[in-house]
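Notes follow the structure.
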Amino acid sequence: MKVILLKAAEADLHDLRTYFIRQFSKAAWNAHSRKLKQAILELAKFPQIGSVPDEVAHLGLVHYRQLISGQTRVIYEIQSDVIVVHIICDARRNMRTLLTQRLLRA
């Protein structure tokens, strides 16, 4: 399957990179980034590897899944032959708040 990052997910990745470099170091970001990229590439082979996020499970939106890599959470959607990455964020972030902000921006 093909993996596509939405513009919002690309912006998330940029923000995460900025945060990592400021708080830790560029070397720490490079190490984390390699692991994150590898995890996202694994989605192409095993799209069902992630779990359904609690925040959307009660809505019956089982085509949305999450993958955790270190402290980073990747929210993606499985479509017919494509995996669409919607969100890349710190796993400690309040996902309900983030989802609300995304819906209000849309």
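Computed from the coordinates by the stated procedures, all read-outs in this text should not be read as laboratory data. Nothing here was measured: the structure is a model prediction, and the numbers come from that model. Cβ: placed from backbone, ideal geometry, glycine included. Neighbour counts: every protein chain shown.
Before moving on, here are some points about what is shown:
- Highest-fluctuation residue, Ile78, Ile21, Ile40 considered, GNM on the chain with Cα pairs under 10 Å: Ile21
- For the chain, the mean residue ellipticity at 222 nm estimated from helices alone is -15500 deg cm²/dmol, where every DSSP H run of n ≥ 4 contributes -39500 (n - 2.57) and the total is divided by all residues, rounded to the nearest 500.
- Amide H to amide H distances under 5 Å link Val3 with Ile83, where only residues 5 or more positions off or on other chains count and H is placed in the peptide plane.
- Phi-derived couplings, Karplus 6.51 cos²θ - 1.76 cosθ + 1.60 at θ = phi - 60°, listed residue by residue for region 63-72: 7, 8, 9, 10, 10, 9, 10, x, 9, 10 Hz, with x used for Gly and Pro.
- In the chain, lysine pairs closer than 20 Å at Cα, eight or more apart or cross-chain: 8
- Sparse-neighbourhood loop sites, chymotrypsin sites (Phe, Trp or Tyr not before Pro) in the chain - DSSP loop, at most 14 other Cβ within 10 angstrom: Phe24
- Among Ser25, Ser33, Ser80, residue whose mean-square fluctuation peaks in a GNM of the chain (springs only between Cα atoms under 10 Å): Ser80
- Which label in (i) 25, 14, 13; (ii) 22, 17, 12; (iii) 26, 24, 13 gives the computed semi-axes √(5λ) of the Cα gyration tensor in Å: (ii)
- Between amide H atoms placed 1.01 Å from N, distances below 5 Å from Ala91 occur with Thr72, Arg73, all of them 5 or more places distant or on a separate chain.
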